[in-house]
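In what follows, a single structure is set out as structure tokens and then discussed.
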Amino acid sequence: MSTFIPLATDEAEKLSRELYAIARPVSVRDPRDVTTHLVGWIPRADDPAQCVLELPDEVVDLPIHAQSSVTELAKIYAAAQTKGDIAKSEKDALEAVAATSKGQAIDAKQLLPAKWKAEALTREQAIADGWLPDPEKLADVGR
Amino acid sequence: MGRLLFLSPSASGPPAFVGPLDDLPAPAAAYSVARRLLAAYEGPLIRVRRSSDNAELDIGYDAAGDLDATALLTFCGVGDGFLPKLYDQSGNVRDGSEATAGNQLRLVASGVLDTQNSKPTANSNFTSIKSLDFSWSHSGNSLTAVAVATLTNNGPPYARFVSVSTAYGAFDYDNVSSALILGRNGTTESHAGYRIDPLGAKSMTYDVPASIAGKFDGTNYTAYTNGAAGTPTASNGNFGFAVGRIMNYTFSKVQGVQGKLSELVLWGSALSDGNRGAIEADQIEYYGIVP
């Protein structure tokens, strides 16, 4: 099962991309590699600029690469701080987790702001609030 | 095992490989995580991403045409392996791909191959977001899909083994310009095709691998399980699509089917009963399916 974090779609895309990048930096990827993002995000049908980031309940293993850089991830945290989602102390702590975990595997959820995790919706809540389409209604439309 | 055929006595060299699709009309797309399907195809079957460091590698087939499971398991070690790319063996380069790690189907779990009846498979791992996307522009009014799949009973209703549409996010029930080819029929133990409503449903047993097929012939949709047909059901509306999604729905990735998929072959025409029956019989034999 998963929970779903409401975010701006571009914010979710960047976060997913940069989380994957610290596990598999672009510099070490093969040109034929396909994978570029860590977790999925699903845009709202009625407002594609908003989405939910899907967060599995289980541990999301993130083996942080020894050659990784946290620069781009830090920019996301800085933007979250500007938005008021995290305090500077939490921003610094998140950057430190990423920087000091090189060569180790951690749960990717350790790199998410506490406010975002606290706002995660269950699948049922995400459907009820219009973030996700209702499978039953999808099937019924047009009948 | 891929079929082996001695075409003529030969003083040296291995017998020529003959794939299960070689005697059939050319497919629009042909995917298998388990075996080579056509003699003309000499590329990899899959690309795998391992969990230990997220490195990726193409995996091909052995001398018999079966997935090189040794290479796959060696690469994955004691970790997991996932499917960022499923190569199209038809020669049309309609590879299925998924760039998001969390959305990739699983091939190996803790060093052990995911299987259906001991054959390699792609496993949705009991979440509804797994998928592979491919491009295929088709304007004809007929098509056929044949797959080897297992359906579990803990996924969303109307989940999709494979769907097609004019574009990702397009709502096919509104524009009637696209169709789900193979999908779960509500919450029942069966699969069906869709053009507005479920069409031509045919039962399949939960958690049991089956050869499932769907065919639009321009007038009717018919579903098949292990070669046995459901009731042909009239379909209507214009037809035509540009994109497809394996193990999920082109509209949104929240309607992924939960289960397994080892093989999927698509034709842009309605296969004759004889040709459809031939590939179904081959799948039943190869995968040890009990009809």
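The values are calculated or read from the model by the stated rules, or taken from the named source; none is laboratory data. Predicted model, so just to flag it, every value in this text is computed and none were measured. Cβ coordinates were reconstructed from backbone atoms using ideal geometry, including for glycine residues, and neighbour counts include every protein chain displayed. Areas reflect the complete protein model, heavy atoms only, side chains present, ligands, DNA and RNA absent. Shrake-Rupley method; radii C 1.70, N 1.55, O 1.52, S 1.80 Å.
From the list A:Asp10, A:Asp33, A:Asp46, pick out the single residue that is more than 9 Å from every other protein chain (Cβ to nearest Cβ), in contact with a strand residue (DSSP E or B) (Cβ under 8 Å, 6 or more places away or on another chain) and not small (Gly, Ala, Ser).
A:Asp10
So which of B:Ser272, B:Ser203, B:Ser235 is within 14 Å of chain A (Cβ to nearest Cβ), open to solvent by 10 Å² or more (accessible area, probe 1.4 Å) and not aliphatic (A, V, I, L, M)? Write out each step before concluding.
Working: B:Ser272 fails: within 14 Å of chain A (Cβ to nearest Cβ); B:Ser203 fails: within 14 Å of chain A (Cβ to nearest Cβ).
Checking each option against the conditions leaves just B:Ser235.
Quick check on this structure: which one of B:Ser131, B:Ser90 is over 18 Å from B:Glu56 (Cβ atoms) and not charged (D, E, K, R)?
Details: B:Ser131 fails: over 18 Å from B:Glu56 (Cβ atoms).
Among B:Ser131, B:Ser90, only B:Ser90 is over 18 Å from B:Glu56 (Cβ atoms) and not charged (D, E, K, R).
Do you know which residues across the range B:206-230 are open to solvent by 30 Å² or more (accessible area, probe 1.4 Å) and within 18 Å of the chain's Cα centre (by Cα)?
B:Tyr206, B:Asp207, B:Val208, B:Asn226, B:Gly227
Under 18 Å from the mean Cα position of the chain (by Cα) and not in a strand (DSSP E or B): is that true of B:Pro44 in this structure?
Criteria met by B:Pro44.
Hey, among B:Asp80, B:Asp133, B:Asp114, which residue is within 12 Å of chain A (Cβ to nearest Cβ), charged (D, E, K, R) and more than 26 Å from B:Phe241 (Cβ to Cβ)?
It is B:Asp80.
Checking B:Glu263 against (1) within 14 Å of the chain's Cα centre (by Cα); (2) more than 25 Å from B:Tyr87 (Cα to Cα); (3) of a type in the set (Asp, Glu), which single condition isn't satisfied?
Here B:Glu263 meets the rest and fails (2).
Taking the conditions exactly as written (at pLDDT 95 or above and under 30 Å from B:Ser110 (Cβ atoms)), does B:Ala34 satisfy them or not? Break it down into steps so the answer makes sense when it comes.
Working: at pLDDT 95 or above: yes; under 30 Å from B:Ser110 (Cβ atoms): yes.
So B:Ala34 fits the description; yes.
When you scan the range B:52-63, how many residues do you find that are open to solvent by 10 Å² or more (accessible area, probe 1.4 Å) and part of a strand (DSSP E or B)?
4
Looking at this structure, is B:Ser97 within 14 Å of chain A (Cβ to nearest Cβ), hydroxyl-bearing (Ser, Thr, Tyr), in contact with a strand residue (DSSP E or B) (Cβ under 8 Å, 6 or more places away or on another chain) and surrounded by 20 or more Cβ atoms within 10 Å (Cβ to Cβ)?
Answer is no for this residue.
With the requirement that a residue be within 14 Å of chain A (Cβ to nearest Cβ) and buried (at least 16 other Cβ atoms within 10 Å of the Cβ), what does the range B:18-51 give you?
B:Pro44, B:Ile46, B:Arg47, B:Val48, B:Arg49, B:Arg50, B:Ser51
Does A:Ala139 qualify as being modelled with pLDDT of 95 or more and either farther than 30 Å from B:Thr187 by Cβ or outside any loop (DSSP other than H, G, I, E, B) (or both)?
Considered against the rule, which asks whether it is modelled with pLDDT of 95 or more and either farther than 30 Å from B:Thr187 by Cβ or outside any loop (DSSP other than H, G, I, E, B) (or both), A:Ala139 comes out as no.
As an exercise: evaluate B:Ser262 against (1) crowded, with 16+ Cβ neighbours inside 10 Å; (2) closer than 23 Å to B:Phe134 by Cα; (3) modelled with pLDDT under 95 and give the number of the one condition it does not meet.
Among (1) crowded, with 16+ Cβ neighbours inside 10 Å; (2) closer than 23 Å to B:Phe134 by Cα; (3) modelled with pLDDT under 95, the lone unmet condition for B:Ser262 is (3).
Is it the case that A:Ala126 is more than 10 Å from chain B (Cβ to nearest Cβ) and either at positive phi or not charged (D, E, K, R) (or both)? Break it down into steps so the answer makes sense when it comes.
Numbers: more than 10 Å from chain B (Cβ to nearest Cβ): no; either at positive phi or not charged (D, E, K, R) (or both): yes.
So A:Ala126 fails the test.
Looking at B:Pro84, is it free of Cβ contacts under 8 Å to residues at least 40 places away in the same chain and outside any helix (DSSP H, G or I)?
yes
Could you count how many residues in the range A:100-126 are assigned to a helix (DSSP H, G or I), open to solvent by 50 Å² or more (accessible area, probe 1.4 Å), more than 13 Å from A:Pro6 (Cα to Cα) and not polar (S, T, N, Q)?
Within the range A:100-126, residues that are assigned to a helix (DSSP H, G or I), open to solvent by 50 Å² or more (accessible area, probe 1.4 Å), more than 13 Å from A:Pro6 (Cα to Cα) and not polar (S, T, N, Q) number 2.
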